[in-house]
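The values are calculated or read from the model by the stated rules, or taken from the named source; none is laboratory data. Note that the structure is predicted; figures quoted are calculated from it, not measured. Heads up, the Cβs are rebuilt from the backbone with ideal geometry, glycines too, and the neighbour counts pull from every protein chain shown.
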Amino acid sequence: MSYQVIARKYRPAKFCDITAQEHVTRTIQNSLRMGRVGHGYIFSGSRGVGKTTAARIFAKALNCQKLMDDPEYLQQVTEPCGECESCRDFESGTSLNISEFDAASNNSVDDIRALRENVRYGPQKGKYRVYIIDEVHMLSIAAFNAFLKTLEEPPPHAIFIFATTELHKIPATISSRCQRFNFKRIPLEDIQNQLQSICDAEHITVEGDALQLIGRKAQGSMRDAQSILDQVIAFSAENDHDGAISYQGVADLLNYIDDDTMFDVTDAVMDGNPSKMLDVAQFVIRNGYDEQDFLEKLVEHLRNFLVVQNLSSTRLVERPDAVRERYQRDAGNFSPFAVMQMVDFILQTQKELKFQFEYQFRFELALLKLIDIVQSVPVVTDAPLAQKKKYLNSL
Ligand SMILES: Nc1ncnc2c1ncn2[C@@H]1O[C@H](COP(=O)(O)OP(=O)(O)O)[C@@H](O)[C@H]1O
Ligand SMILES: [Mg+2]
Ligand SMILES: [Zn+2]
């Protein structure tokens with residue numbers, strides 16, 4: 001038996017199986033019920049949140065014979081039936097009424113011309129031909145322009161669904177002619193539940209918060225979560241008893257970020273060593289660790305410095321003894337003022353990152369900046385009282 005990866009095996013076949021995107025699926029289902037289907041759609045959102053999946057289900061529903069023939073079913077269920085000939089063709093990947101086009105690799109004007117040529121022909125069976133154009137932001141301006149005419153006067157049978165992770169790169173001339181749907185990152189809890197039901201279906205036992213760790217790492221992408229789960233299952237099969245998934249197993253596999261990495265940051269600052277700092281940033285990015293979480297942990301790490309500096313004791317530092325000793329030892333390397341400057345800067349960066357697209361790049365810069373901040377603090381200065389109070393109040 002050939003092995004099928006989880007992301008494909010558990011790809012939703014109906015609108016109701018798509019998690020956390022009800023604002024999209026409900027609107028599409030309403031338009032099907034009302035018979036008001038547009039010709040152009042933009043599905044935007046980060047990777048692995050259900051854009052392609054929703055587009056395929058939409059296409060399947062548009063051609064479902066049962067939905068066309070049975071008004072009651074259309075009104076009450078509004079899902080592709082999965083049983084008629086057309087639905088079966090869609091599910092086996094043999095339907096001629098859906099074309100998927102990857103704009104990342106076919107982005108020239110000639111490619112678009114070929115597509116336009118294709119669009120002229122109507123469906124052989126069924127009602128609509130649906131063109132899913134993935135990564136549409138990769139099209140050149142000339143290619144977009146070549147497309148515009150088709151989008152202005154589409155043949156009645158043609159429906160275009162443009163999927164993109166970068167909505168802002170799509171020219172207004174295109175996006176203003178489409179209905180836009182923004183897919184959300186999937187909340188951690190929904191990812192966890194989905195992984196749990198997959199594990200149940202696969203008869204795999206999971207321990208404690210192991211799935212939460214996977215969900216956190218996936219950062220809102222269901223596909224990523226499912227790929228990590230594949231990996232974890234393979235890993236657990238050889239390491240743990242009965243193939244059960246353990247918290248520790250997942251933490252090991254995912255390189256869960258620990259205190260050492262936090263000390264790497266403060267070491268890099270202390271040594272004024274940008275290359276070491278970039279290594280840390282790369283480590284975080286490569287492991288898919290959430291940058292906001294990392295900065296959160298970094299603030300906590302610096303808070304531990306301040307505690308030790310102000311109390312001259314580690315009793316309020318909740319860490320194993322060896323780590324407390326390290327705080328005790330390293331706390332003398334910075335003035336409290338320098339530590340507070342770093343904290344202020346990180347808190348500011350956290351706010352800014354929420355509104356940024358170029359997350360990783362900004363994150364790297366922010367870490368590098370920490371070195372500058374500390375180096376520009378006069379060595380002899382101790383923390384002015386007001387600053388100290390401000391920080392302690394913000395805790
Ligand atoms: N909202 C979701 N609900 C359930 N599964 C999802 C969802 N989003 C993604 N998946 C899973 O991830 C896989 C990839 O999703 P896909 O729709 O191709 O993502 P996108 O096109 O947004 O990158 C699907 O096969 C499915 O298993
Ligand atoms: Mg996709
Ligand atoms: Zn059907």
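Every residue, every condition in (1) in contact with a strand residue (DSSP E or B) (Cβ under 9 Å, 6 or more places away or on another chain); (2) surrounded by 15 or more Cβ atoms within 10 Å (Cβ to Cβ); (3) in contact (Cβ under 8 Å) with a residue 24 or more places away in the chain, yes or no:
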site: Tyr73; (1), (2), (3): no, yes, no
site: Pro80; (1), (2), (3): no, yes, yes
site: Thr94; (1), (2), (3): no, no, no
site: Ile98; (1), (2), (3): yes, yes, yes
site: Ala103; (1), (2), (3): yes, yes, yes
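I'd like to check which helices (runs of 4 or more DSSP H) are fully inside the stretch 277-395 and have at least 2 residues that are charged (D, E, K, R), closer than 27 Å to Ala251 by Cβ and at pLDDT 85 or above.
Passing ranges, in order: 291-311, 321-330.
Looking at the stretch 1-34 only, could you name the residues that are among the small types (Gly, Ala, Ser) and modelled with pLDDT under 95?
Ser2, Ala7
For the stretch 181-246, please list each of the helices (runs of 4 or more DSSP H) lying entirely inside it that holds at least 2 residues being over 16 Å from Asp290 (Cα atoms), among the acidic types (Asp, Glu) and over 13 Å from the mean Cα position of the chain (by Cα).
188-201, 222-239
Return the residue satisfying two criteria in turn: it lies in the stretch 202-231 and is within 29 Å of Gly45 (Cβ to Cβ) and among the small types (Gly, Ala, Ser), and of such residues it is surrounded by the fewest Cβ atoms within 10 Å (Cβ to Cβ).
Going through the qualifying residues, I end up with Ser227.
Might you let me know whether the stretch 144-166 holds any residue that is over 18 Å from Val119 (Cβ atoms), under 27 Å from the mean Cα position of the chain (by Cα) and assigned to a helix (DSSP H, G or I)?
Checked against the condition, which is being over 18 Å from Val119 (Cβ atoms), under 27 Å from the mean Cα position of the chain (by Cα) and assigned to a helix (DSSP H, G or I), the stretch 144-166 yields no hits at all.
Regarding the stretch 111-132, can at least one residue be identified that is touching a residue at least 12 places away in the same chain (Cβ under 8 Å) and under 25 Å from the mean Cα position of the chain (by Cα)?
The answer is yes; a qualifying residue exists.
Let me spell it out: the conditions are (1) touching a strand residue (DSSP E or B) at 6+ places or on another chain (Cβ under 9 Å); (2) within 22 Å of Asp17 (Cβ to Cβ); (3) within 15 Å of ligand 3 (Cβ to nearest atom), and Pro123 meets all of them except one. Which number is the exception?
(2)
The conditions are (1) surrounded by 14 or more Cβ atoms within 10 Å (Cβ to Cβ); (2) assigned by TED's automatic domain parsing to the domain that holds Leu370, and Ser275 fails exactly one of them. Which is it?
Exception for Ser275: condition (1).
Let's see how each residue does on (1) at pLDDT below 90; (2) within 16 Å of ligand 3 (Cβ to nearest atom); (3) small (Gly, Ala, Ser):
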| site | (1), (2), (3) |
| --- | --- |
| Val206 | no, no, no |
| Leu213 | yes, no, no |
| Arg216 | yes, no, no |
| Gln219 | yes, no, no |
| Arg223 | no, no, no |
| Ser227 | no, no, yes |
| Asp230 | no, no, no |
| Ser236 | yes, no, yes |
| Asp240 | yes, no, no |
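Can you pull out every residue in the stretch 1-57 that is assigned to a loop (DSSP other than H, G, I, E, B), within 8 Å of ligand 1 (Cβ to nearest atom) and aromatic (Phe, Trp, Tyr)?
If the condition is that a residue be assigned to a loop (DSSP other than H, G, I, E, B), within 8 Å of ligand 1 (Cβ to nearest atom) and aromatic (Phe, Trp, Tyr), then Tyr10 is the only one that fits.
If Ala59 satisfies every condition in (1) more than 16 Å from ligand 2 (Cβ to nearest atom); (2) surrounded by 18 or more Cβ atoms within 10 Å (Cβ to Cβ) but one, which is the exception?
Tallying (1) more than 16 Å from ligand 2 (Cβ to nearest atom); (2) surrounded by 18 or more Cβ atoms within 10 Å (Cβ to Cβ), Ala59 fails exactly one: (1).
Mind listing whichever residues of the stretch 232-263 are surrounded by 15 or more Cβ atoms within 10 Å (Cβ to Cβ) and acidic (Asp, Glu)?
Within the stretch 232-263, Asp240, Asp259 qualify.
I'd like to know if the stretch 38-53 contains one or more residues that are more than 14 Å from ligand 2 (Cβ to nearest atom), in contact (Cβ under 8 Å) with a residue 60 or more places away in the chain and surrounded by 15 or more Cβ atoms within 10 Å (Cβ to Cβ).
Scanning the stretch 38-53 turns up at least one residue that is more than 14 Å from ligand 2 (Cβ to nearest atom), in contact (Cβ under 8 Å) with a residue 60 or more places away in the chain and surrounded by 15 or more Cβ atoms within 10 Å (Cβ to Cβ).
Do you know which residues across the stretch 62-76 are more than 8 Å from ligand 3 (Cβ to nearest atom) and in a helix (DSSP H, G or I)? Please lay out each step first, then the result.
Step one: filter the stretch 62-76 for residues more than 8 Å from ligand 3 (Cβ to nearest atom), giving 62, 68-76.
Across the stretch 62-76, the qualifying residues are Leu62, Met68, Asp69, Pro71, Glu72, Tyr73, Leu74, Gln75, Gln76.
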